[in-house]
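*Asks:* Below is a structure I'd like to ask you about.
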Amino acid sequence: MTENCLVRFSGVSYTYPEAAAPAIADIDLKIASGEWIAVLGCNGSGKSTLAKHLNALLIPTQGDCFVNEFNTRGEDGKRSARRAVSMVFQNPENQIIAAVVEEDVAFGPENLGLSPEEIRARVSWALDVSGLGKMARKPVYALSGGQKQRLAVAGAIAQKPPCLVMDEATTMLDPRGRQDLMEVLSTLHSGGMTLVSITHRLEEILRCDRCIVLSGGRISWNGTPRELFLLGEELAMWGLEVPGMVKVWRELVQKGLLEAKIPPLMGEMVEALCR
Amino acid sequence: MRFLNNMTLGQYVPVESLVHHLDPRCKIVGVLFCLVGVFMVKGPLGFLMWGLLFLLLVSASRVPARLVLSTVRPVWILVAFTAVIHLFFTRGEPLFSWGIVEITREGAVMAARMGLRLVLLVMYAGLLTLTTSPTELADGLESLFSPFRRFGFPAHELAMMMTIALRFIPTLLNETERIMKAQIARGAELERGGPLRRLRAFIPVLVPLFVIVFQRADDLATAMEARNYTGGEGRSRMHPLKWSVRDTTALLFSVIFSFAAVFLDGRALLP
C-alpha cells in the first residue's frame, strides 16, 4: 500500500438484503490522497453502492474497505471513515436539514462537537468556497437548484474532510449550475482535497486525474480521461455517451484533418483546429 | 390549489430585529403566556389590548404585515366554523329568529369572542415561527424540556423532528402541488363535485405523496448519517443559547401584560 493511500478496497462485494445478485463484486481499488477520481457507469452499474462504502454508509458483505488504514467494519473505522469522507447526494432537497443556509452548513460541525468559534469559522469558510458567502442568512427555500447543491457541498466540506464524494451531484442541475459546481470542485481539488465524482456524464471528467468504469458491479476499466476517450465501442457497451467535442475530434481524425493522438481537451482542441 | 401558496406558517423570515434576537426560550414561554391571556379575556378591552400588543410586536419584528396576516388563511375555515357554531347554538336573549334558526345576543358575543381568540392565537403562534428559525425553535424547546430528560423524555429527538418537519413544510407543499398538477394534466378533476367526490379525487394525490415522503425521509436519514449525526450526545451549537437581560425584561413584560390584560378586562366587564 502506498503511503498516501486514503481509501483501499480489497475484494469488496456488497449484496443488498433480499437481492439475488451483488450490486458490486470483487472491487479492488486504491484512492490516493489529493487525487480526483471519476467513477463512471450507467444506471444500476453499482456506482452509488460503491460510493456509500467510502464513508461507511454501507459495510461490505465480503472483503474489506479501509479508510485511513482503518477497516470500516469496526466502530473506530466507521467513525474514521465518516470524518474522512463527506458525501453530496443527487437531490440537494433531501440533504438540507435546516431552514436557514448557515444553520444547515453548521449541522455537520455541530455533530462533531466543535466549539462555537470553530463552527462559525468553518461555516464562513465553506460558504465562501461554495460561492454562497452573501447568502448565509437566506432561507433555504429561496435558493435556486444550483445554489441548493452548492449549499449541500458547503455542508459537506464544513466538516473539513480530506475527501469529498459527489454522488451524481450534478444530475439535477442546469448547465450554469453544473459549471458553477465544477468550479467549486476545482477550487477544492487545488486546495488538496481528494475528490470522487460519481457520474455518467463524460464531459464532467475532463478535470479528473483518473477514472474507473463500473459495469455490472465490477470495475471494467481504469485509466486517465484521455485514455478513456480513445476507446471506441466499449464506451457504448458500458452505456456511456461520448461528449460532443470528442465526437468532433474523432471525425476530424478520421478525415485526416487532425493528428490521431491529440487529446480531446477543449483548449488543446481549439489550438489544434486553429493550426 | 391556491391554498398551497397561502401556507406561510413555519416559514421563517430572516431579518434583523429586536424580536428576532430574543432568546427562543423567552419567545416560546412568552407566547405561551400570551396565548393563555388571549383565552382568558372576554371583553372588548382585553381583545383591544392583545390586538395592540400584537401590532407593536409585528412592527418591532420588521416582518411584512402581509406575511403575518396570511398565517390566518389556512385556518379561516376553522375560525368561521367555530364562530357559526357559537352563533347558532348558544342559548340566551333572542336577537333574531327565522323558523327554527335563532340568533341570540349571547351567541353573537360568543361567536365574536371565539373567532377573535382563534385569530389572535394563530397570529401570535405565527409570529413566533416567522421570527424564530426552526433550528432556534428546536434548540429552545430542547433546552426547555431538558429537565425531563432524566425521566426518559426524548427532548433532543422531539426537537430534531420538529426542525425537520418545519423545514420540509414548503418542500412537501411544492411536491403536493406538483402531483396535483400532474394528475390534473392526466384528466383528474380535483376541484369539481361535492365534498365526498373531491375527497375521493384526492386519493391519487395522497398515495404518491406518501411514497415521496417515505423516500425523502430515507434519503434524509442517509444524508444525516453521512454528516456524522448520531443523536444529541456530544453535539455542540454554532450559536449556543444565551439568556440576557433583554430576555428577562421581555419575558417579565409578557407575564405582567398577560395578568394586566386579564385583570383590567375583568374589571371593565363588572357591572
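The values are calculated or read from the model by the stated rules, or taken from the named source; none is laboratory data. Quantities reported herein were computed from a predicted structural model and do not represent experimental measurements. Cβ atoms come from the backbone with ideal geometry, glycine included; neighbour counts cover every protein chain shown. Heavy atoms of the whole protein, side chains included, go into the accessibility calculation; ligands, DNA and RNA do not. Shrake-Rupley method; radii C 1.70, N 1.55, O 1.52, S 1.80 Å.
*Asks:* With the checklist (1) assigned to a loop (DSSP other than H, G, I, E, B); (2) touching a Pro at 6+ places or on another chain (Cβ under 9 Å); (3) within 11 Å of another protein chain (Cβ to nearest Cβ); (4) closer than 30 Å to residue A:218 by Cβ in hand, flag the one item residue A:83 doesn't pass.
*Replies:* Going through (1) assigned to a loop (DSSP other than H, G, I, E, B); (2) touching a Pro at 6+ places or on another chain (Cβ under 9 Å); (3) within 11 Å of another protein chain (Cβ to nearest Cβ); (4) closer than 30 Å to residue A:218 by Cβ one by one, residue A:83 breaks only (1).
*Asks:* From (1) more than 17 Å from the chain's Cα centre (by Cα); (2) open to solvent by less than 80 Å² (accessible area, probe 1.4 Å), pick out the condition that doesn't hold for residue B:89.
*Replies:* Going through (1) more than 17 Å from the chain's Cα centre (by Cα); (2) open to solvent by less than 80 Å² (accessible area, probe 1.4 Å) one by one, residue B:89 breaks only (2).
*Asks:* Taking region A:24-54, which residues are at positive phi and surrounded by 18 or more Cβ atoms within 10 Å (Cβ to Cβ)? Don't jump to the end; show me each part of the working.
*Replies:* Restricting attention to region A:24-54, the residues satisfying the condition of being at positive phi are A:26, A:34, A:41, A:44, A:46.
Correct list: A:41, A:46.
*Asks:* Do we have residue B:178 as open to solvent by 40 Å² or more (accessible area, probe 1.4 Å), closer than 24 Å to residue B:26 by Cβ and either assigned to a helix (DSSP H, G or I) or touching a helix residue (DSSP H, G or I) at 6+ places or on another chain (Cβ under 7 Å) (or both) here?
*Replies:* Values: open to solvent by 40 Å² or more (accessible area, probe 1.4 Å): yes; closer than 24 Å to residue B:26 by Cβ: no; either assigned to a helix (DSSP H, G or I) or touching a helix residue (DSSP H, G or I) at 6+ places or on another chain (Cβ under 7 Å) (or both): yes.
So residue B:178 fails the test.
*Asks:* Here's another thing I want to ask about it. What's the number of the only condition in (1) farther than 28 Å from residue B:129 by Cβ; (2) away from chain B (no Cβ under 11 Å); (3) among the aliphatic types (A, V, I, L, M) that residue A:165 fails to meet?
*Replies:* Of the numbered conditions (1) farther than 28 Å from residue B:129 by Cβ; (2) away from chain B (no Cβ under 11 Å); (3) among the aliphatic types (A, V, I, L, M), the odd one out for residue A:165 is (2).
*Asks:* Can you pull out every residue in region B:27-46 that is open to solvent by less than 20 Å² (accessible area, probe 1.4 Å), assigned to a helix (DSSP H, G or I) and over 16 Å from residue B:252 (Cα atoms)?
*Replies:* B:38, B:46
*Asks:* Residue under question is residue B:248, and the condition is that it be more than 9 Å from chain A (Cβ to nearest Cβ), more than 24 Å from residue A:138 (Cα to Cα) and of a type in the set (S, T, N, Q); does it hold?
*Replies:* Numbers: more than 9 Å from chain A (Cβ to nearest Cβ): yes; more than 24 Å from residue A:138 (Cα to Cα): yes; of a type in the set (S, T, N, Q): yes.
Against the criterion (more than 9 Å from chain A (Cβ to nearest Cβ), more than 24 Å from residue A:138 (Cα to Cα) and of a type in the set (S, T, N, Q)), residue B:248 qualifies.
*Asks:* Next question. Just the residues that are under 18 Å from residue A:29 (Cα atoms) and either at pLDDT 90 or above or surrounded by 20 or more Cβ atoms within 10 Å (Cβ to Cβ) (or both), please, taken from region A:69-85. Quick ask: steps written out before the conclusion?
*Replies:* Just the residues of region A:69-85 that are under 18 Å from residue A:29 (Cα atoms), to begin with: A:69-73, A:77, A:81, A:84-85.
Selection gives A:70, A:71, A:72, A:73, A:77, A:81, A:84, A:85.
Residues are listed down the side, and each one gets a yes or a no for (1) of a type outside the set (A, V, I, L, M); (2) out of contact with any strand residue (DSSP E or B) (no Cβ under 9 Å at 6 or more places or on another chain); (3) facing another protein chain (nearest Cβ under 10 Å):
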| position | (1), (2), (3) |
| --- | --- |
| A:67 | no, no, no |
| A:88 | no, no, yes |
| A:93 | yes, yes, yes |
| A:97 | no, yes, yes |
| A:105 | no, yes, yes |
| A:115 | yes, yes, yes |
| A:135 | no, yes, no |
| A:142 | no, yes, yes |
| A:146 | yes, yes, no |
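*Asks:* Taking the condition among the hydroxyl-bearing types (Ser, Thr, Tyr), within 14 Å of chain A (Cβ to nearest Cβ) and in contact (Cβ under 8 Å) with a residue 12 or more places away in the chain, does residue B:17 pass? Step through it out loud before you land on a result.
*Replies:* Working: among the hydroxyl-bearing types (Ser, Thr, Tyr): yes; within 14 Å of chain A (Cβ to nearest Cβ): yes; in contact (Cβ under 8 Å) with a residue 12 or more places away in the chain: yes.
Spelling it out, residue B:17 is indeed among the hydroxyl-bearing types (Ser, Thr, Tyr), within 14 Å of chain A (Cβ to nearest Cβ) and in contact (Cβ under 8 Å) with a residue 12 or more places away in the chain.
Rundown of residues vs (1) part of a loop (DSSP other than H, G, I, E, B); (2) in contact with a Ser or Thr (Cβ under 6 Å, 6 or more places away or on another chain); (3) surrounded by fewer than 17 Cβ atoms within 10 Å (Cβ to Cβ); (4) polar (S, T, N, Q), yes/no style:
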residue	(1), (2), (3), (4)
B:232	yes, no, yes, no
B:243	yes, no, yes, no
B:251	no, no, no, no
B:254	no, no, no, yes
B:258	no, no, no, yes
B:266	no, no, yes, no
B:271	yes, no, yes, no
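*Asks:* Residues of region B:168-222 being among the acidic types (Asp, Glu) and closer than 30 Å to residue A:52 by Cβ, which ones? Give the steps one after another, and end with the answer.
*Replies:* Filtering region B:168-222 down to residues among the acidic types (Asp, Glu) leaves B:175, B:177, B:189, B:191, B:218-219.
Across region B:168-222, the qualifying residues are B:175, B:218, B:219.
Listed here are the residues, each with its yes/no results for (1) more than 14 Å from chain A (Cβ to nearest Cβ); (2) without any contact (Cβ under 8 Å) to a residue 60 or more places away in the chain.
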{"site": "B:225", "(1), (2)": "no, yes"}
{"site": "B:242", "(1), (2)": "no, no"}
{"site": "B:262", "(1), (2)": "yes, no"}
{"site": "B:270", "(1), (2)": "yes, yes"}
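*Asks:* Let me ask something else. Could you count how many residues in region B:195-223 are more than 10 Å from every other protein chain (Cβ to nearest Cβ), open to solvent by 90 Å² or more (accessible area, probe 1.4 Å) and not hydrophobic (A, V, I, L, M, F, W, C)?
*Replies:* 4
*Asks:* Moving on to the next point. Is there a residue being hydrophobic (A, V, I, L, M, F, W, C), over 30 Å from residue A:142 (Cβ atoms) and either within 14 Å of chain A (Cβ to nearest Cβ) or surrounded by fewer than 20 Cβ atoms within 10 Å (Cβ to Cβ) (or both) anywhere in region B:59-82?
*Replies:* Restricting attention to region B:59-82, the residues satisfying the condition of being hydrophobic (A, V, I, L, M, F, W, C) are B:60, B:63, B:65, B:67-69, B:72, B:75-81.
Imposing the further condition that a residue be over 30 Å from residue A:142 (Cβ atoms) reduces the set to B:80-81.
Of the ones still in play, those that are also either within 14 Å of chain A (Cβ to nearest Cβ) or surrounded by fewer than 20 Cβ atoms within 10 Å (Cβ to Cβ) (or both) are B:80-81.
There is at least one residue in region B:59-82 that is hydrophobic (A, V, I, L, M, F, W, C), over 30 Å from residue A:142 (Cβ atoms) and either within 14 Å of chain A (Cβ to nearest Cβ) or surrounded by fewer than 20 Cβ atoms within 10 Å (Cβ to Cβ) (or both).
*Asks:* Just one of the numbered conditions (1) within 14 Å of another protein chain (Cβ to nearest Cβ); (2) open to solvent by less than 50 Å² (accessible area, probe 1.4 Å); (3) in contact (Cβ under 8 Å) with a residue 40 or more places away in the chain; (4) in a loop (DSSP other than H, G, I, E, B) is not true of residue A:57; which one?
*Replies:* Only one criterion in (1) within 14 Å of another protein chain (Cβ to nearest Cβ); (2) open to solvent by less than 50 Å² (accessible area, probe 1.4 Å); (3) in contact (Cβ under 8 Å) with a residue 40 or more places away in the chain; (4) in a loop (DSSP other than H, G, I, E, B) is unmet by residue A:57, namely (3).
*Asks:* Which of the residues that make up region A:117-127 are of a type in the set (A, V, I, L, M, F, W, C) and facing another protein chain (nearest Cβ under 7 Å)?
*Replies:* Just the residues of region A:117-127 that are of a type in the set (A, V, I, L, M, F, W, C), to begin with: A:119, A:121, A:123, A:125-127.
Hits for region A:117-127 are A:119, A:123.
*Asks:* Counting just the residues of region B:146-165 that are under 23 Å from residue A:143 (Cα atoms) and open to solvent by less than 30 Å² (accessible area, probe 1.4 Å), which one comes out farthest from the chain's Cα centre (by Cα)?
*Replies:* Ranking the candidates gives B:160 first.
*Asks:* Can we say residue B:90 is free of Cβ contacts under 8 Å to residues at least 40 places away in the same chain and of a type in the set (Ser, Thr, Tyr)?
*Replies:* Details: free of Cβ contacts under 8 Å to residues at least 40 places away in the same chain: yes; of a type in the set (Ser, Thr, Tyr): yes.
Against the criterion (free of Cβ contacts under 8 Å to residues at least 40 places away in the same chain and of a type in the set (Ser, Thr, Tyr)), residue B:90 qualifies.
*Asks:* Limited to region B:157-166, what total is found for residues that are within 12 Å of another protein chain (Cβ to nearest Cβ) and under 12 Å from residue B:231 (Cβ atoms)? Even if it seems obvious, please write down each step before you answer.
*Replies:* Residues of region B:157-166 that are within 12 Å of another protein chain (Cβ to nearest Cβ), as a first pass: B:160-166.
If we keep only those that are under 12 Å from residue B:231 (Cβ atoms) too, we end up with B:160.
The qualifying residues number 1.
*Asks:* Restricting to region B:70-87, name every residue that is touching a residue at least 40 places away in the same chain (Cβ under 8 Å) and out of contact with any Gly (no Cβ under 9 Å at 6 or more places or on another chain).
*Replies:* Applying the first criterion (touching a residue at least 40 places away in the same chain (Cβ under 8 Å)) to region B:70-87 yields B:70-75, B:78-79.
Answer for region B:70-87, where residues must be touching a residue at least 40 places away in the same chain (Cβ under 8 Å) and out of contact with any Gly (no Cβ under 9 Å at 6 or more places or on another chain): B:73, B:74, B:75, B:78.
*Asks:* Continuing with the same structure: In region B:102-145, what residues are touching a strand residue (DSSP E or B) at 6+ places or on another chain (Cβ under 8 Å), surrounded by fewer than 22 Cβ atoms within 10 Å (Cβ to Cβ) and touching a residue at least 24 places away in the same chain (Cβ under 8 Å)?
*Replies:* Residues satisfying the conditions do not exist here.
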